[in-house]
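The values are calculated or read from the model by the stated rules, or taken from the named source; none is laboratory data. Note that the structure is a prediction, hence the values are computed from the model and not measured. Note: areas computed on protein heavy atoms with side chains; ligands, DNA, RNA excluded. Shrake-Rupley method; radii C 1.70, N 1.55, O 1.52, S 1.80 Å.
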Amino acid sequence: MPEHLGLLIGSPWIYAVVALSVLLDVFLPVLPSGVLVITAATAAAAGTAADVPDILALTLCAATASVLGDLLAYRLAWRGGARLDRAISRSRRLTTAQERLGAAIARGGGALVVLARFAPAGRSVVSLGAGAAHRRARDFLPWSALAGLTWAAYSVALGYFGAHLLGASWVATAVSVGALFGAGAGAAYLMRREPRTS
């Protein structure tokens, strides 16, 4: 299995696999898209300038797939209608998240969208919630683009610089993945905090 992974990471197909994984993890948050991006970036740090993957291309690929996945989830939730509204209303957690998201976007607080990109399943809740609440695309998508680019740049930087500091090994990948999960835990904590009342 590691040999097959090495062959995949060393080929141009890695971009397609990364894009598909990042695009779909808005619907299946258990997909290891962050781990895959970090692993590819670690491999890029070990290679030469002519090797695949290229750091800039990997970052743009992951960021673009993130925004497209958000847009797809947003549009599906927008069209979900009463059925999706009933499903959301059955969950106190989803209802609260949807209300907070709506209030934050209405106030211009799209930082919640960026923060949610790092939290486990936060991207799903935010994208589906924005669509279900019929938030305007022009209020949501710029923040989604910033979130996707920030997450992709952070993930690629973890893998790339982790490999330069610790060597291109499983240790570097494990430390980088740990840093990504740490950022996710911090984002989840910040999202759960109740907003202060003035």
- Note on the structure: In whole percent, the fraction of accessible protein surface over the range 124-167 that belongs to carbon or sulfur atoms, probe radius 1.4 Å, stands at 69 percent
- Message: Suppose we look only past 12 Å in the calculated P(r) of the range 130-175. What percent of the Cα-Cα pairs does that tail hold?
- Response: 66 percent
